[in-house]
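Undergrad: Sharing a structure below in structure tokens format, with a few things to ask.
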Amino acid sequence: MPVTRIVIATKNPGKIYEIRQILNNSNIDLISLSELPPIPDIEETGTTFEENATLKAEEVFTHFGLPCISDDSGLAVDVLNGEPGIYSSRYAHENASDDENITKLLNELRKFSAPYAAKFVCSTVYYDGLKRISASGEMPGQIITHKKGNNGFGYDPVFMPEGKGKTTAQLTDEEKNAISHRGKALRALIQRLRDESIV
Ligand code: ITT
């Protein structure tokens with residue numbers, strides 16, 4: 001029997017919105033954590049995106065006993081040796097807002113000269129208690145020093161993907177999903193799930 005209901009194992013509303021759009025045509029009923037009883041925060045103790053994505057998928061599966069897809073993602077900046085990386089959501093401090101993280105990033109970058117090559121990275125993991133399948137994606141670009149655009153979330157207002165001349169916050173949802181780290185990772189994941197006849 002193919003899996004028809006999958007829990008989106010993230011609390012980040014920006015990710016939930018994009019994951020629903022990217023998997024729109026997959027015939028899978030996606031349930032987000034906000035539709036389920038609350039679970040404690042998951043400690044991200046891994047040292048890589050994939051380790052953290054695995055932790056989140058396994059933990060959410062343990063709570064609900066339903067197949068899960070998780071997303072661990074972040075921004076890696078060349079002159080900062082890959083930072084903020086897996087610490088992207090808590091770069092300024094533990095409960096930092098997107099604006100606080102962007103301010104911290106631009107302050108750090110002031111010590112170096114532009115251009116600031118960077119990439120977004122996304123690792124997704126499917127887990128159903130038996131099978132664990134993962135896939136990842138990247139979106140190369142550069143950081144600009146003034147925010148532009150209102151779409152998206154996180155570092156989108158200061159990230160300009162290669163060849164676009166706009167930030168990801170200035171792209172439409174469809175334009176971002178077509179080239180994004182998350183779009184690439186999730187499309188690859190679904191293909192693997194189809195190849196293994198899981199969905
Ligand atoms: P969950 O653990 O509940 O999934 P989180 O926001 O804590 O939510 P992560 O630890 O994976 O998730 O951190 C991802 C951070 O990376 C996110 O908060 C943004 O700051 C940044 N990020 C990831 N993808 C992004 C995107 O598409 N656009 C802008 N920023 C992004």
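The values are calculated or read from the model by the stated rules, or taken from the named source; none is laboratory data. Note that the coordinates shown come from a computational prediction; the quantities given were computed from them, not determined experimentally. With ideal geometry, Cβ positions are generated from the backbone for all residues, glycine too; neighbour counts draw on all protein chains shown. Accessible surface is based on the protein model in full, side chains and every heavy atom, while ligands, DNA and RNA are left aside. Shrake-Rupley method; radii C 1.70, N 1.55, O 1.52, S 1.80 Å.
Undergrad: Name the single residue, out of those in the stretch 134-146 being away from the ligand (no atom under 12 Å from the Cβ) and open to solvent by 40 Å² or more (accessible area, probe 1.4 Å), that is nearest to the chain's Cα centre (by Cα).
TA: Ser136
Undergrad: Being β-branched (Val, Ile, Thr), open to solvent by 60 Å² or more (accessible area, probe 1.4 Å) and in contact with an Asp or Glu (Cβ under 9 Å, 6 or more places away or on another chain) narrows it down to one residue among Thr62, Thr4; which is it? Outline the logic, then answer.
TA: Numbers: Thr62 fails: in contact with an Asp or Glu (Cβ under 9 Å, 6 or more places away or on another chain).
Result of the check over Thr62, Thr4: Thr4.
Undergrad: Looking at (1) within 10 Å of the ligand (Cβ to nearest atom); (2) crowded, with 20+ Cβ neighbours inside 10 Å; (3) among the aliphatic types (A, V, I, L, M), which one does Ile42 not meet, given that it meets all the others?
TA: (2)
Undergrad: Now, a different point. Based on what the data block shows, is Thr10 loosely packed, with under 15 Cβ neighbours inside 10 Å and either on the phi < 0 side of the Ramachandran plot or within 18 Å of the chain's Cα centre (by Cα) (or both)?
TA: Answer is no for this residue.
Undergrad: I'm trying to understand the selection: among the residues of the stretch 173-199, which are open to solvent by less than 60 Å² (accessible area, probe 1.4 Å), out of contact with any helix residue (DSSP H, G or I) (no Cβ under 7 Å at 6 or more places or on another chain) and not in a helix (DSSP H, G or I)?
TA: If the condition is that a residue be open to solvent by less than 60 Å² (accessible area, probe 1.4 Å), out of contact with any helix residue (DSSP H, G or I) (no Cβ under 7 Å at 6 or more places or on another chain) and not in a helix (DSSP H, G or I), then Ser180, Ile198 are the ones that fit.
Undergrad: A further question on this structure: Filter the stretch 72-99 for residues that are over 18 Å from Tyr116 (Cα atoms), open to solvent by 20 Å² or more (accessible area, probe 1.4 Å) and in contact (Cβ under 8 Å) with a residue 12 or more places away in the chain; which is farthest from the ligand (Cβ to nearest atom)?
TA: Taking the candidates together, the pick is Ala92.
Undergrad: Under 6 Å by Cβ, and 6 or more places apart or on different chains, what pairs join a residue from the stretch 180-193 that is in contact (Cβ under 8 Å) with a residue 60 or more places away in the chain and closer than 10 Å to Ile22 by Cβ with one that is open to solvent by 10 Å² or more (accessible area, probe 1.4 Å) and more than 15 Å from the ligand (Cβ to nearest atom)?
TA: Sorted first by the residue in the stretch 180-193, then by its partner, the pairs are Ile190/Ser26.
Undergrad: Going residue by residue through the stretch 153-167, is there one that turns out to be within 14 Å of the ligand (Cβ to nearest atom), modelled with pLDDT of 95 or more and on the phi > 0 side of the Ramachandran plot?
TA: Checked against the condition, which is being within 14 Å of the ligand (Cβ to nearest atom), modelled with pLDDT of 95 or more and on the phi > 0 side of the Ramachandran plot, the stretch 153-167 yields at least one hit.
Undergrad: Of all the residues that make up the stretch 147-167, how many are free of Cβ contacts under 8 Å to residues at least 40 places away in the same chain, under 16 Å from the mean Cα position of the chain (by Cα) and farther than 19 Å from Glu83 by Cβ?
TA: 2
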